[in-house]
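Worksheet: the structure to be examined is printed underneath.
The values are calculated or read from the model by the stated rules, or taken from the named source; none is laboratory data. Values in this document were obtained by computation on a predicted structure and should not be read as measured data. A quick note on method: Cβ atoms are made from the backbone with ideal geometry, for glycine too, and the neighbour counts reach across all protein chains shown.
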Amino acid sequence: MKNEIPKIDVSNSETGCCPKFNPEPWDEKVFEFDNLLFAKAQTRSFYYIPLNMGSVMTRAMDAIREADAEELDKYLILSRDLTPWKAEHCFLVTKEVPGLENIKLSGTFMTKVYDGPFKEIPNWIKDMENYVKKQGKEMKKIYYFYTTCPKCAKYYGKNYVVLFAEV
(Lines give C-alpha, C1' and ligand atoms only; values in the text may rest on other atoms or scores of the structure.)
Protein backbone atom coordinates (compact mmCIF):
# COMPACT_ATOMS: atom_id res chain seq x y z
CA MET A 1 0.00 0.00 0.00
CA LYS A 2 1.42 3.40 -0.96
CA ASN A 3 2.70 5.76 1.74
CA GLU A 4 2.14 3.21 4.49
CA ILE A 5 4.91 2.67 7.03
CA PRO A 6 4.81 0.86 10.37
CA LYS A 7 3.51 2.85 13.29
CA ILE A 8 5.92 3.81 16.03
CA ASP A 9 4.39 4.70 19.37
CA VAL A 10 6.36 7.82 20.28
CA SER A 11 4.93 7.63 23.81
CA ASN A 12 6.67 4.25 24.31
CA SER A 13 9.85 5.88 25.60
CA GLU A 14 11.60 4.79 28.76
CA THR A 15 14.11 7.61 28.28
CA GLY A 16 11.79 10.57 27.68
CA CYS A 17 13.58 10.97 24.34
CA CYS A 18 13.46 8.26 21.66
CA PRO A 19 10.74 5.59 21.58
CA LYS A 20 11.66 1.95 21.87
CA PHE A 21 12.01 0.50 18.37
CA ASN A 22 10.54 -2.79 17.13
CA PRO A 23 12.60 -3.89 14.10
CA GLU A 24 10.28 -6.66 12.84
CA PRO A 25 7.81 -4.52 10.81
CA TRP A 26 10.73 -2.78 9.07
CA ASP A 27 13.07 -5.67 8.23
CA GLU A 28 13.20 -6.92 4.63
CA LYS A 29 10.11 -4.98 3.56
CA VAL A 30 9.16 -2.95 0.48
CA PHE A 31 7.63 0.50 0.83
CA GLU A 32 6.01 2.54 -1.94
CA PHE A 33 6.13 6.33 -1.57
CA ASP A 34 3.96 8.53 -3.76
CA ASN A 35 4.69 12.21 -3.13
CA LEU A 36 5.22 11.55 0.59
CA LEU A 37 5.91 14.90 2.27
CA PHE A 38 9.15 15.53 4.16
CA ALA A 39 10.82 18.60 5.64
CA LYS A 40 14.54 18.60 4.95
CA ALA A 41 17.54 19.87 6.90
CA GLN A 42 21.30 19.46 6.36
CA THR A 43 24.20 18.77 8.68
CA ARG A 44 27.91 19.34 8.27
CA SER A 45 30.21 16.34 8.40
CA PHE A 46 33.89 15.55 8.59
CA TYR A 47 34.55 12.44 6.51
CA TYR A 48 30.94 11.32 7.09
CA ILE A 49 31.04 11.97 10.84
CA PRO A 50 28.26 14.46 11.67
CA LEU A 51 29.44 17.63 13.39
CA ASN A 52 26.21 19.45 14.21
CA MET A 53 23.59 16.68 14.22
CA GLY A 54 22.13 17.48 17.65
CA SER A 55 21.53 21.16 17.00
CA VAL A 56 20.14 20.58 13.50
CA MET A 57 17.77 17.85 14.71
CA THR A 58 16.57 20.02 17.59
CA ARG A 59 16.04 23.04 15.34
CA ALA A 60 14.19 20.98 12.73
CA MET A 61 11.95 19.25 15.26
CA ASP A 62 11.16 22.59 16.92
CA ALA A 63 10.13 24.03 13.53
CA ILE A 64 8.01 20.94 12.78
CA ARG A 65 6.25 21.12 16.15
CA GLU A 66 5.76 24.89 15.83
CA ALA A 67 4.06 24.28 12.45
CA ASP A 68 1.95 21.51 14.01
CA ALA A 69 3.25 19.21 11.27
CA GLU A 70 4.61 16.33 13.35
CA GLU A 71 3.50 12.88 12.21
CA LEU A 72 2.93 11.37 15.64
CA ASP A 73 2.35 7.71 14.82
CA LYS A 74 4.49 7.51 11.68
CA TYR A 75 7.87 8.62 12.95
CA LEU A 76 10.46 8.55 10.16
CA ILE A 77 13.62 10.51 9.46
CA LEU A 78 15.52 9.45 6.35
CA SER A 79 19.16 10.54 6.27
CA ARG A 80 21.75 10.23 3.54
CA ASP A 81 25.28 11.40 2.97
CA LEU A 82 25.58 13.84 0.08
CA THR A 83 29.36 14.18 0.34
CA PRO A 84 31.96 13.38 3.03
CA TRP A 85 31.20 16.93 4.27
CA LYS A 86 27.41 17.14 4.17
CA ALA A 87 24.32 15.03 4.90
CA GLU A 88 20.61 15.62 4.50
CA HIS A 89 17.84 14.56 6.84
CA CYS A 90 14.23 14.24 5.68
CA PHE A 91 11.57 14.37 8.41
CA LEU A 92 8.16 12.88 7.61
CA VAL A 93 5.56 15.64 8.16
CA THR A 94 1.83 16.16 7.78
CA LYS A 95 2.12 19.55 6.05
CA GLU A 96 4.75 21.98 4.81
CA VAL A 97 7.04 23.47 7.45
CA PRO A 98 8.05 27.14 7.19
CA GLY A 99 11.81 27.67 7.47
CA LEU A 100 12.69 24.20 6.17
CA GLU A 101 12.92 22.93 2.62
CA ASN A 102 9.84 20.82 1.92
CA ILE A 103 10.16 17.92 -0.52
CA LYS A 104 8.08 15.01 -1.72
CA LEU A 105 9.60 11.56 -2.12
CA SER A 106 8.25 9.01 -4.56
CA GLY A 107 9.60 5.58 -5.35
CA THR A 108 10.02 2.01 -4.23
CA PHE A 109 12.24 1.36 -1.22
CA MET A 110 13.55 -1.96 0.06
CA THR A 111 14.58 -2.11 3.70
CA LYS A 112 16.78 -4.09 6.05
CA VAL A 113 17.37 -3.52 9.75
CA TYR A 114 20.87 -3.57 11.21
CA ASP A 115 22.09 -3.35 14.80
CA GLY A 116 25.55 -2.28 15.86
CA PRO A 117 28.01 0.58 15.94
CA PHE A 118 27.84 3.25 13.22
CA LYS A 119 31.33 2.26 12.02
CA GLU A 120 29.63 -0.81 10.49
CA ILE A 121 27.60 1.28 8.02
CA PRO A 122 29.97 0.62 5.07
CA ASN A 123 29.51 -3.14 5.68
CA TRP A 124 25.74 -2.71 5.98
CA ILE A 125 25.67 -0.84 2.67
CA LYS A 126 27.52 -3.71 0.95
CA ASP A 127 25.13 -6.21 2.52
CA MET A 128 22.16 -4.11 1.40
CA GLU A 129 23.51 -3.90 -2.16
CA ASN A 130 23.81 -7.71 -2.23
CA TYR A 131 20.31 -8.11 -0.79
CA VAL A 132 18.83 -5.79 -3.44
CA LYS A 133 20.70 -7.63 -6.24
CA LYS A 134 19.43 -11.00 -4.97
CA GLN A 135 15.90 -9.60 -5.31
CA GLY A 136 16.64 -8.77 -8.95
CA LYS A 137 16.72 -5.02 -8.36
CA GLU A 138 19.29 -2.23 -8.66
CA MET A 139 19.92 0.30 -5.91
CA LYS A 140 19.65 3.97 -6.95
CA LYS A 141 20.07 5.75 -3.59
CA ILE A 142 20.38 4.70 0.01
CA TYR A 143 18.91 6.38 3.06
CA TYR A 144 19.41 5.59 6.74
CA PHE A 145 16.73 5.67 9.41
CA TYR A 146 18.59 6.10 12.70
CA THR A 147 15.86 4.85 15.02
CA THR A 148 17.33 6.29 18.22
CA CYS A 149 19.86 8.88 19.28
CA PRO A 150 23.20 7.58 20.65
CA LYS A 151 22.13 8.10 24.28
CA CYS A 152 18.91 6.13 23.83
CA ALA A 153 20.69 3.39 21.86
CA LYS A 154 23.04 2.95 24.80
CA TYR A 155 20.11 2.87 27.25
CA TYR A 156 18.10 0.32 25.20
CA GLY A 157 21.21 -1.74 24.38
CA LYS A 158 20.34 -1.69 20.67
CA ASN A 159 21.46 0.67 17.92
CA TYR A 160 18.97 -0.18 15.20
CA VAL A 161 19.46 1.45 11.82
CA VAL A 162 17.05 0.77 8.95
CA LEU A 163 18.59 1.06 5.49
CA PHE A 164 16.16 2.23 2.79
CA ALA A 165 17.39 1.36 -0.69
CA GLU A 166 15.58 3.16 -3.47
CA VAL A 167 15.21 0.66 -6.31
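Condition check ((1) out of contact with any Phe, Trp or Tyr (no Cβ under 7 Å at 6 or more places or on another chain); (2) within 24 Å of residue 6 (Cα to Cα); (3) at pLDDT below 95; (4) not hydroxyl-bearing (Ser, Thr, Tyr)) across all residues:
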{"site": "37", "(1), (2), (3), (4)": "yes, yes, no, yes"}
{"site": "41", "(1), (2), (3), (4)": "yes, yes, no, yes"}
{"site": "57", "(1), (2), (3), (4)": "yes, yes, yes, yes"}
{"site": "64", "(1), (2), (3), (4)": "no, yes, no, yes"}
{"site": "67", "(1), (2), (3), (4)": "yes, yes, no, yes"}
{"site": "71", "(1), (2), (3), (4)": "yes, yes, yes, yes"}
{"site": "75", "(1), (2), (3), (4)": "yes, yes, yes, no"}
{"site": "79", "(1), (2), (3), (4)": "no, yes, no, no"}
{"site": "91", "(1), (2), (3), (4)": "no, yes, no, yes"}
key: Selection status of residue 111, under 22 Å from residue 36 (Cα atoms), in contact with a helix residue (DSSP H, G or I) (Cβ under 9 Å, 6 or more places away or on another chain) and at pLDDT below 95   = no
request  = Can you give me the number of residues within segment 98-140 that are free of Cβ contacts under 8 Å to residues at least 40 places away in the same chain, in contact with a strand residue (DSSP E or B) (Cβ under 6 Å, 6 or more places away or on another chain), loosely packed, with under 15 Cβ neighbours inside 10 Å and not charged (D, E, K, R)?
outcome  = 0
Selection within segment 1-39 - free of Cβ contacts under 8 Å to residues at least 12 places away in the same chain and not in a loop (DSSP other than H, G, I, E, B) = 24
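Matching residues to (1) farther than 23 Å from residue 112 by Cα; (2) small (Gly, Ala, Ser); (3) not in a strand (DSSP E or B):
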| residue | (1), (2), (3) |
| --- | --- |
| 54 | yes, yes, yes |
| 58 | yes, no, yes |
| 64 | yes, no, yes |
| 75 | no, no, yes |
| 82 | no, no, no |
| 88 | no, no, no |
| 91 | no, no, no |
| 97 | yes, no, yes |
task = Kindly indicate the residue of segment 99-108 that is part of a strand (DSSP E or B) and among the hydrophobic types (A, V, I, L, M, F, W, C) and also farthest from residue 59 (Cα to Cα) among those meeting that condition.
result = 105
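Every residue, every condition in (1) over 15 Å from the mean Cα position of the chain (by Cα); (2) surrounded by fewer than 13 Cβ atoms within 10 Å (Cβ to Cβ); (3) of a type in the set (Phe, Trp, Tyr), yes or no:
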residue: 11; (1), (2), (3): yes, yes, no
residue: 15; (1), (2), (3): yes, no, no
residue: 19; (1), (2), (3): no, no, no
residue: 22; (1), (2), (3): no, no, no
residue: 34; (1), (2), (3): yes, yes, no
residue: 37; (1), (2), (3): no, no, no
residue: 46; (1), (2), (3): yes, yes, yes
residue: 79; (1), (2), (3): no, no, no
residue: 86; (1), (2), (3): yes, no, no
key: Where a residue in segment 67-83 is at negative phi and its partner, wherever it lies, is basic (Lys, Arg) and assigned to a strand (DSSP E or B), with Cβ under 7 Å and at least six apart   = 80/141
